[in-house]
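Written below as structure tokens is the structure these notes are about.
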Amino acid sequence: MEFIFPLIIIAIVIGYYWGKYSKRKIPSTPKPYFDSGNQQLLADIVESLLAGNHLFLTGSAGTGKTYMIKNIAREISKRYKEVVLAATTGIGACQIREVTGLRLSSYIKGLGTLHSAAILPISDMPDTPDRIEAGKERLINTSVVIIDEISMLDSLTFDRFMERLQPNTGILAVGDFFQLPPVRSTPEGHPDFIFRSENFADFKLIELQTIYRQGDEDFIKFLQDTRFGTPDWNFLDNVNKNFDSAFPVLCGTNIEVDTYNSNEIGAINHPVIESIAYPEIPNPRYTTGQALAWLTTNTRAKTHLILKNTMRVLCIQNHGQLVNGDLGTIEDISLEKFNGTGLPQWVDVKFDRLEIGLRKMAPFGFEKIYFNPHTNREKIDFTVKQYPLIPAYGITVHKSQGMTLDQANIDGNKINFAPGQAYTALSRVRTPSGIMLQNGNNLAAFSAPSVIEYYRNAPRFEKPTEDLSNCICGII
């Protein structure tokens with residue numbers, strides 16, 4: 001018996017120290033410097049922007065550019081500095097808000113288009129002194145501007161934007177010139193990329209290296225070669241050549257998408273049920289027409305949505321467990337209307353992801369938001385009710401930007417009218433087995449020569465010699 005008590009004491013001591021030290025985290029493998037998860041890179045970018053420098057954050061599809069936007073904006077706002085976030089398109093602006101989870105505050109502004117943030121005219125309209133002064137006034141207290149989808153911004157609009165900034169404003173341009181180009185062209189007929197502007201000459205390039213969307217090394221190499229316009233098309237010899245109507249066809253134009261969707265929906269032997277978007281407008285400054293126009297230009301939602309039982313649909317909004325890009329099949333639609341509107345009371349959708357399964361969906365409120373400085377809160381200009389669904393038979397490559405798809409149908413005849421379209425389409429898919437390809441011989445992975453030259457000669461952002469590892473920049 002005299003040996004039992006000491007053994008108990010020893011066991012207690014061992015248990016205490018085992019519990020104490022076993023809970024210590026084993027240090028993780030350091031990430032490469034140009035990785036979206038590297039805290040040192042985050043700290044260096046934040047410090048550089050607050051010093052008034054101009055940076056260009058780029059990288060292949062799936063490298064975490066939007067993730068970096070979120071963390072950079074949060075870190076700047078924690079310093080009590082004003083950061084304006086903007087995108088070149090309304091859909092891109094809504095995606096910033098949706099994907100990052102950022103909300104307007106005293107220090108986070110914008111979350112809209114660059115044209116709205118800086119009071120810019122469209123490129124084929126003249127700028128005016130009054131508009132320029134109004135843009136300067138709006139941005140006068142801004143420490144940093146972050147612009148997403150920079151590849152779609154033309155040099156004329158960019159120069160007009162730069163004219164409105166204070167001299168020491170930091171700028172972070174984000175995007176990939178190897179993806180979709182601006183609509184505006186040069187007199188010679190080439191895309192009018194912003195790197196043609198002298199105002200872009202001092203932007204230091206930061207290229208994220210780690211690709212998270214795809215894990216297959218051979219597929220990653222193929223996509224990288226496609227990005228630079230030098231793919232080995234033999235890589236696609238063994239992919240599926242038969243389209244599967246359960247998954248979307250990526251098209252180059254809206255006309256092709258509308259035609260494809262109309263034909264597929266017309267072949268479904270069930271009655272049409274319409275879902276008509278319904279605006280709720282507490283602010284008398286806006287009309288019904290303005291609210292519906294905002295829905296069309298700033299979201300992927302439709303003002304007039306055609307629904308049928310057994311129809312394939314694509315979710316276009318992060319909503320609970322649902323994420324932008326989730327695919328499903330309509331199983332039932334209510335014949336009753338939602339609160340006397342033109343919207344069905346509910347729609348039953350069985351989503352492909354097993355963890356979601358069958359979901360009874362209600363109309364979703366797409367909100368136009370503004371920041372009220374008097375209450376220090378976001379306020380709603382208006383809400384447009386509509387189902388966050390679109391037909392999933394065809395979508396444009398442009399609207400697929402930002403999506404990650406498990407499978408997609410790609411027609412080599414439909415995605416070649418602009419530089420970067422083939423790369424953007426192919427890089428939406430996680431694995432080669434998710435590509436269903438027709439007319440592959442007609443794929444043309446061409447990149448604008450000026451883009452290749454720019455990436456080859458652009459000034460690089462270099463890791464500062466000063467160690468900023470003690471800067472507390474939390475990755476959230």
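If we keep just the residues of the range 346-372 that are on the phi < 0 side of the Ramachandran plot and without any contact (Cβ under 8 Å) to a residue 12 or more places away in the chain, which is surrounded by the fewest Cβ atoms within 10 Å (Cβ to Cβ)?
Looking only at the range 346-372, we keep the residues that are on the phi < 0 side of the Ramachandran plot, and these are 346-356, 358-372.
Filter once more, keeping what is without any contact (Cβ under 8 Å) to a residue 12 or more places away in the chain: 354, 372.
On the way: Leu354: 6, Asn372: 10.
Taking the candidates together, the pick is Leu354.
So, in the range 35-93, exactly how many residues are small (Gly, Ala, Ser), open to solvent by less than 10 Å² (accessible area, probe 1.4 Å) and not in a helix (DSSP H, G or I)?
Residues in the range 35-93 being small (Gly, Ala, Ser), open to solvent by less than 10 Å² (accessible area, probe 1.4 Å) and not in a helix (DSSP H, G or I): 6 in total.
All but one of (1) surrounded by fewer than 23 Cβ atoms within 10 Å (Cβ to Cβ); (2) touching a helix residue (DSSP H, G or I) at 6+ places or on another chain (Cβ under 8 Å); (3) free of Cβ contacts under 8 Å to residues at least 60 places away in the same chain hold for Gly189; state the number of the condition that does not hold.
If we test Gly189 against (1) surrounded by fewer than 23 Cβ atoms within 10 Å (Cβ to Cβ); (2) touching a helix residue (DSSP H, G or I) at 6+ places or on another chain (Cβ under 8 Å); (3) free of Cβ contacts under 8 Å to residues at least 60 places away in the same chain, just (2) comes out false.
Output the number of residues of the range 292-306 satisfying the condition of being out of contact with any helix residue (DSSP H, G or I) (no Cβ under 9 Å at 6 or more places or on another chain) and either of a type in the set (A, V, I, L, M, F, W, C) or open to solvent by less than 50 Å² (accessible area, probe 1.4 Å) (or both).
4
When you check Leu223 against the structure, is it under 22 Å from Phe178 (Cβ atoms), under 25 Å from the mean Cα position of the chain (by Cα) and part of a helix (DSSP H, G or I), yes or no? I'd like the intermediate steps shown before the answer.
Values: under 22 Å from Phe178 (Cβ atoms): yes; under 25 Å from the mean Cα position of the chain (by Cα): yes; part of a helix (DSSP H, G or I): yes.
For Leu223, the condition - under 22 Å from Phe178 (Cβ atoms), under 25 Å from the mean Cα position of the chain (by Cα) and part of a helix (DSSP H, G or I) - is met.
I want to confirm something. Restricting to the range 307-328 and keeping residues that are assigned to a loop (DSSP other than H, G, I, E, B) and open to solvent by 20 Å² or more (accessible area, probe 1.4 Å), which single residue is nearest to Thr383 (Cα to Cα)? Steps first, please.
To start, the set of residues in the range 307-328 that are assigned to a loop (DSSP other than H, G, I, E, B) comprises 308-311, 316-318, 320-321, 323-326.
Next, from what is left, pick out any that are open to solvent by 20 Å² or more (accessible area, probe 1.4 Å): 309-310, 317-318, 320-321, 323-324.
Details: Asn309: 27, Thr310: 29, Gln317: 15, Asn318: 17, Gly320: 19, Gln321: 22, Val323: 20, Asn324: 20 Å.
Looking at the filtered set, the residue picked out is Gln317.
Going through the range 228-260 one residue at a time, which ones are open to solvent by less than 50 Å² (accessible area, probe 1.4 Å) and under 20 Å from Asp406 (Cα atoms)?
Those that are open to solvent by less than 50 Å² (accessible area, probe 1.4 Å) and under 20 Å from Asp406 (Cα atoms): Leu236, Val239, Ala246, Phe247, Pro248, Val249, Leu250, Cys251, Gly252, Val257.
So, in the range 70-85, how many residues would count as being within 19 Å of Asp35 (Cα to Cα) and out of contact with any strand residue (DSSP E or B) (no Cβ under 6 Å at 6 or more places or on another chain)?
First, pick out the residues of the range 70-85 that are within 19 Å of Asp35 (Cα to Cα): 70-75.
Keeping just the survivors that are out of contact with any strand residue (DSSP E or B) (no Cβ under 6 Å at 6 or more places or on another chain) gives 70-72, 74-75.
Of the residues in the range 70-85, 5 are within 19 Å of Asp35 (Cα to Cα) and out of contact with any strand residue (DSSP E or B) (no Cβ under 6 Å at 6 or more places or on another chain).
Considering only the range 169-183, I want to know if a residue exists there that is outside any helix (DSSP H, G or I), under 22 Å from Lys65 (Cβ atoms) and aromatic (Phe, Trp, Tyr). Talk me through it step by step, then tell me what you get.
Initially, the range 169-183 is screened for residues outside any helix (DSSP H, G or I), giving 169-183.
Applying the additional criterion that residues be under 22 Å from Lys65 (Cβ atoms) yields 169-183.
Narrowing the set further to residues that are aromatic (Phe, Trp, Tyr) leaves 177-178.
Yes, the range 169-183 contains a residue that is outside any helix (DSSP H, G or I), under 22 Å from Lys65 (Cβ atoms) and aromatic (Phe, Trp, Tyr).
Given the conditions (1) open to solvent by less than 30 Å² (accessible area, probe 1.4 Å); (2) assigned to a loop (DSSP other than H, G, I, E, B); (3) more than 26 Å from Gln438 (Cβ to Cβ), which single one is not true for Tyr212?
(1)
For Glu331, all conditions in the list (1) modelled with pLDDT under 90; (2) assigned to a strand (DSSP E or B) hold save one; what is the number of the exception?
Exception for Glu331: condition (1).
Please specify each residue of the range 372-388 satisfying the condition of being part of a strand (DSSP E or B) and out of contact with any strand residue (DSSP E or B) (no Cβ under 6 Å at 6 or more places or on another chain). Explain how you work it out, then say what you get.
Applying the first criterion (part of a strand (DSSP E or B)) to the range 372-388 yields 372, 377-386.
The answer is Arg377, Gln386.
Residues checked against (1) more than 20 Å from Val46 (Cβ to Cβ); (2) in contact with a Cys (Cβ under 6 Å, 6 or more places away or on another chain); (3) charged (D, E, K, R); (4) open to solvent by less than 30 Å² (accessible area, probe 1.4 Å):
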residue	(1), (2), (3), (4)
Leu102	no, no, no, yes
Ser123	yes, no, no, no
Pro126	yes, no, no, no
Ile132	yes, no, no, yes
Asp148	no, no, yes, yes
Met152	yes, no, no, no
Phe161	yes, no, no, yes
Thr169	no, no, no, yes
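The values are calculated or read from the model by the stated rules, or taken from the named source; none is laboratory data. Please read these numbers as outputs of a predicted model, since none were measured by experiment. All Cβ positions, glycine included, derive from the backbone under ideal geometry; neighbour counts span all protein chains shown. Side chains included, ligands, DNA and RNA excluded: accessible areas come from the protein's heavy atoms. Shrake-Rupley method; radii C 1.70, N 1.55, O 1.52, S 1.80 Å.
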